[in-house]
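Asks: Starting off with a structure, shown below.
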Amino acid sequence: MSAPDGWEEEDGGKALVRSFKFKDFSEAFGFLTRVALHAEKVDHHPEFTSVWNRVDFRLTSHDAGGVTERDRKLAEAINAL
Ligand SMILES: C[C@H](O)[C@H](O)[C@H]1CNC2=NC(N)=NC(=O)C2=N1
């Protein structure tokens, strides 16, 4: 199965990864806040790092040890925020 738009599979299915760039830190953090609210709603949480205007996500299902439908759904939802 191919990765959602804009996402790449890491290590043959271990995780989905994508970077987003914003105007500044405030825009990046606002976006992260929307992601956080969604993640709580669906009880599936992204790994992420942020550096000023950039946010890097890594989506994986820890219990399954790799990418599952929950990660694909979360990636699609993040794309739509
Ligand atoms: C108990 C609870 O459902 C689990 O800890 C959930 C919470 N959020 C999670 N998020 C992600 N990305 N992977 C998980 O395996 C996971 N597990």
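What follows draws every value from the coordinates through simple rules; no lab data is involved. Here the structure is a predicted model, which means the values were calculated and not measured. Cβ coordinates were reconstructed from backbone atoms using ideal geometry, including for glycine residues, and neighbour counts include every protein chain displayed.
Asks: Using the per-residue mean of other Cβ atoms lying within 10 Å as a proxy for protection, in what order, highest first, do the peptides 46-52, 67-73 fall?
Replies: Numbers: 46-52: 13.7, 67-73: 16.9.
Result, highest mean Cβ count within 10 Å first: 67-73, 46-52.
Asks: If you fit an axis through the alpha-carbon atoms of helix 69-80 and take the longest principal axis of the Cα set of the chain, what angle between them do you get, 0 to 90°, nearest 10?
Replies: Orientation of helix 69-80: about 30 degrees from the principal axis.
Asks: Work from the charge dipole of the chain (Cβ charges, +1 for Lys and Arg, -1 for Asp and Glu, about the Cα centre) and give the residue of Leu81, Phe25, Ala15 farthest towards its positive end.
Replies: Among Leu81, Phe25, Ala15, the one farthest towards the positive end of the dipole of the chain is Phe25.
Asks: With a cut-off of 8 Å between alpha carbons and a minimum separation of six or more residues, what is the relative contact order of the chain in percent?
Replies: 35 percent
Asks: Starting at the first residue of the stretch 14-30, write each ³J(HN,Hα) from the Karplus equation 6.51 cos²θ - 1.76 cosθ + 1.60 with θ = phi - 60°, in whole Hz, x for Gly and Pro.
Replies: Residue by residue, the stretch 14-30 yields 6, 6, 9, 10, 7, 10, 10, 10, 10, 5, 7, 5, 4, 5, 4, 6, x Hz.
Asks: Just how many % of Cα pairs in the chain lie over 20 Å apart, if you round to the nearest whole percent?
Replies: On the way: 886 of 3240 pairs.
In whole percent, the share of Cα-Cα pairs in the chain beyond 20 Å is 27.
Asks: Follow-up question, since we're still on this one. With a sphere of radius 13 Å drawn around the Cβ of His38, what net charge do the other residues whose Cβ falls strictly inside it have (Lys, Arg +1; Asp, Glu -1)?
Replies: Surrounding charge for His38 is +1.
Asks: Using a cut-off of 15 Å between beta-carbons, work out the net charge of the residues near Asp63 (Lys and Arg +1, Asp and Glu -1, Asp63 not included).
Replies: My count for the surroundings of Asp63 gives -2.
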